[in-house]
1. How large is the Kirkwood hydrodynamic radius of the chain, counting all unique pairs of alpha carbons, in Å?
2. So which GluC sites (Glu not before Pro) in segment 11-112 are both in a DSSP loop and have at most 10 other Cβ atoms within 10 Å of their Cβ?
3. How large, in Å, is segment 117-183 by the Kirkwood hydrodynamic radius built from its alpha-carbon pairs?
4. Of the candidates T112, T14, T263, which one comes out as most mobile in a Gaussian network treatment of the chain with C-alpha springs shorter than 10 Å?
5. For segment 46-115, which chymotrypsin sites (Phe, Trp or Tyr not before Pro) are in a loop by DSSP, counting at most 16 other Cβ atoms within 10 Å?
6. When the chain is treated as a GNM, springs tying every alpha-carbon pair under 10 Å, which of P71, P115, P179 comes out with the largest mean-square fluctuation?
7. Of the heavy-atom accessible surface of the chain (probe 1.4 angstrom), what whole percent is carbon and sulfur?
8. Taking H as built 1.01 Å from N, whose amide H comes closer than 5 Å to the amide H of V275, not counting residues under 5 places away?
Amino acid sequence: MAGIERFWGGDRITVLAYHRISQPENFRFFEPVISATPEGFARQMDIVATRFNPISVHDLTAWLDGRFDLPKRPILITFDDGYKDNMSNALPVLCEREIPALLFLSTDFIGTGKPFFWDAAAFYFRRTELRRADLPILGPVSWTEPATISAEWIEALKRTTSVGRDEATEQLAAALNVPVLRDAYAGETLSWDEVREMGKQGFSFGSHTLSHPILTQLSEAEAAAELQKSRQRLMDELGEPVRTIAYPNGTRADFNPTVERLTKAAGYSAAFTLVPGPARPREVRANPMTIRRISLYLDDGERRFRAKLAGAGRIKSSLS
Ligand SMILES: [Zn+2]
C-alpha cells in the first residue's frame, strides 16, 4: 500500500462517494446503499482530516475556473440521492471536524416521500413470505435469501427499458403479495427545508437529475430535460447557482459523450461518476464532465478504506 501511496503522491484529487450513513440493524430498505455506520463514518472522517485537505465544491469549481489553487491532497466528500440520514448521521460528524460536503439530490424525491425503486423493491422482498413467484422482468424464480434476489431484481430493472420503474415495482408488490410501500417510507428522504438547513451548516448541493434514470437509456430530449429541470429546481429552492451533477448509477455504461455534451449545455461545470478514483488534476481539467470518485460500502473496514484512499480501487479496476 505504501507503494501505491507513493505512486499517487500529493498530485491527485480524491472525491469520496457515500450514499446512506446508517446502522444496518432493523433496516427495512436496500442495504447495499448503506455506505457506513455513523461510527464507521466518524472514523473515516478522522483519517480524512489527518491525511488530506478537505475542500468544498466551491474550491473545486474556482480551481476549474482558474481562480483558486488546490491544496496538496485535496479531498471532496460527496453523498448521492438525498437521504435524511445524511443530515441526522453525517452532518454532525462533518460539522465537528469542519469538513465541507456536497450532496447530489434527485429532486423528484425531495419532500415527496416517494421511495426510490431499489428501496421499494428491497422492502417488498423483505416483507414477503413467498420464496418463489412469477416476478416482473425475471419471470418465474425461487430464492432463499431476500437480499440476493432483491439485488438481482434491482439490477435487472436498471438494465431494462421495456417497463417503467414505478410500474415494475408496483407489479413486484402484487407478485410478492405485499401492499405497496407508502407511509412506511416517510422520513427516509430529505425535505427542502432540511436541505436549506443543511446548507447553512456546511453542505453544498448538486443535481442527481429529477427521477434518477440512467441517462444513456433516454432520448436526447428526455436526458436534457432531466439535466436542465433538476438544476433549475435546485436553484429555485436554494436561491444560488448550481454547477455540479452526479450521473445516476455512475458506471461507464451510465454516461457517454452525448450525455457529457448535454450536461455541459445544461449549465454544469463539473460532473461526477462512480468510475474509481482518485484522479490526476490534469485529467479533471481536461474532462470535468467525467470526474472519478471512490465509492464506499458498509463492509469497508479501516484497512480497505485506507487502501481505497491510496488509489487501490483505480489500479484494481484498470487491471480487470
Ligand atoms: Zn444515486
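The values are calculated or read from the model by the stated rules, or taken from the named source; none is laboratory data. Bear in mind that the values here come from a model prediction, so they are computed numbers and not experimental data. For neighbour counting, all protein chains shown are included, and Cβ atoms are generated from backbone atoms with ideal geometry for every residue, glycine included. Heads up: the accessible areas ignore ligands, DNA and RNA and are worked out on the full protein's heavy atoms, side chains in. Shrake-Rupley method; radii C 1.70, N 1.55, O 1.52, S 1.80 Å.
1. Details: mean 1/r = 0.0494 Å⁻¹.
For the chain, inverting the mean 1/r across all distinct Cα pairs yields 20.3 Å.
2. Numbers: sites: E25, E39, E96, E98; in loops: E25, E98.
In loop regions of segment 11-112 (DSSP not H, G, I, E or B), the sparsely surrounded GluC sites (Glu not before Pro) are E25, E98.
3. Numbers: mean 1/r = 0.0861 Å⁻¹.
With all distinct Cα pairs of segment 117-183 included, I get 11.6 Å.
4. T112
5. Here the sparse-neighbourhood loop sites are F68.
6. Between P71, P115, P179, it is P179 that shows the largest mean-square fluctuation.
7. Numbers: 6960 of 14160 Å².
Carbon-and-sulfur percentage of accessible area, whole number: 49.
8. Correct list: R293.
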